[in-house]
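J.: Quick one: this structure, given as structure tokens, is what I'll be asking you about.
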Amino acid sequence: MSKQRDIDPASRRIVMGRIGRAHGVKGWLKLQSWTHPAANILEFEYLLVETGQGLEQLRIDRSRWQGGSLLAHFAGYDEPERARGLTGLEVSVEESALASLEKGEYYWRQLQGLQVVNLAGECFGRVSHLLETGANDVLAVEPHVDSLDDRSRLIPFVPDQVVRKVDLAAGTIEVDWGADFLE
């Protein structure tokens, strides 16, 4: 049986942002987007929120930028009192709503938690998060029980040069990186 079928449907949601405070008297809310670029959150047909009544689909019917803030209006939330009830809730999408990526491209969330091993077979730890530097993304690798040592490492995500292989099924990233690099 496929692992996908064994996964709880709730775990197949990907958090994309958080609803902020109300703005004005017509139900507008600030929307903090964790997508890159931030406007990508507007591309989804609907966003999901977990309310006291269960899972609810929200559709953005209007949006605008004001200063550096993204403002959104959700269909059916015209009264500010009702809209305020959404404040602080995380918004997510079904994993299937994410755009398909080209071969060799990954969402950061796919890389988090993968074990990082160098060409000599030395385990550095697991990817805790990624950093965006402008030139290239960087893997932040934290040691775990199987690690070569107790060092945290920052390893540039440069395919074919530093990152030799990403195996999502095996949960590993193979890197051309020495254990003593930058010591």
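J.: List every residue pair whose Cβ atoms lie under 8 Å apart, where the two residues are 6 or more positions apart in sequence or sit on different chains, the first residue falls within the stretch 63-92 and is on the phi > 0 side of the Ramachandran plot, and the second residue, located anywhere, is of a type in the set (D, E, K, R) and part of a strand (DSSP E or B).
T.: Cβ pairs passing all conditions: GLY88/ARG18.
J.: Could you list, ordered by first residue, the pairs with Cβ atoms under 7 Å in which the first is in the stretch 124-153 and at negative phi and in a strand (DSSP E or B) and the second is among the β-branched types (Val, Ile, Thr) and loosely packed, with under 12 Cβ neighbours inside 10 Å, at least 6 apart or interchain?
T.: none
J.: Restricting to the stretch 101-115, count the residues that are aliphatic (A, V, I, L, M) and in a helix (DSSP H, G or I).
T.: The number of residues fulfilling the criteria is 1.
J.: Say we look at the stretch 94-117 and pick out the residues that are of a type in the set (S, T, N, Q) and in contact with a Lys or Arg (Cβ under 9 Å, 6 or more places away or on another chain); which of these is farthest from LEU130 (Cα to Cα)?
T.: Checking each candidate, the answer is SER96.
J.: Got a number for residues in the stretch 154-178 being part of a loop (DSSP other than H, G, I, E, B) and touching a residue at least 12 places away in the same chain (Cβ under 8 Å)?
T.: Selection size over the stretch 154-178: 9.
Residue-by-condition table, conditions (1) more than 13 Å from ARG21 (Cα to Cα); (2) not in a strand (DSSP E or B):
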residue	(1), (2)
GLN57	yes, no
ASP61	yes, no
TRP65	yes, no
TYR77	yes, yes
ALA83	no, yes
THR87	no, yes
ALA99	yes, yes
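J.: Right, here's the next one. Can you tell me which residue is surrounded by the fewest Cβ atoms within 10 Å (Cβ to Cβ) among those in the stretch 56-87 that are under 26 Å from TYR107 (Cβ atoms) and among the small types (Gly, Ala, Ser)?
T.: Only one residue fits best here, namely GLY68.
J.: Could you please let me know if LEU111 is more than 29 Å from GLY17 (Cα to Cα), in contact (Cβ under 8 Å) with a residue 40 or more places away in the chain and either outside the structural domain of LEU29 (by TED's automatic domain parsing) or buried (at least 17 other Cβ atoms within 10 Å of the Cβ) (or both)?
T.: Against the criterion (more than 29 Å from GLY17 (Cα to Cα), in contact (Cβ under 8 Å) with a residue 40 or more places away in the chain and either outside the structural domain of LEU29 (by TED's automatic domain parsing) or buried (at least 17 other Cβ atoms within 10 Å of the Cβ) (or both)), LEU111 does not qualify.
J.: Restricted to the stretch 28-55, and to residues that are touching a residue at least 12 places away in the same chain (Cβ under 8 Å) and assigned to a loop (DSSP other than H, G, I, E, B), which residue is surrounded by the most Cβ atoms within 10 Å (Cβ to Cβ)?
T.: PHE44
J.: Still on this structure, please answer the following. Given the structure, is LYS103 among the charged types (D, E, K, R), more than 18 Å from the chain's Cα centre (by Cα) and under 30 Å from ILE173 (Cα atoms)?
T.: yes
The values are calculated or read from the model by the stated rules, or taken from the named source; none is laboratory data. Keep in mind that this is a model prediction, so the values were computed, not measured. Because the Cβ atoms are built from the backbone with ideal geometry, glycine has one as well, and the counts that use them run over all protein chains shown.
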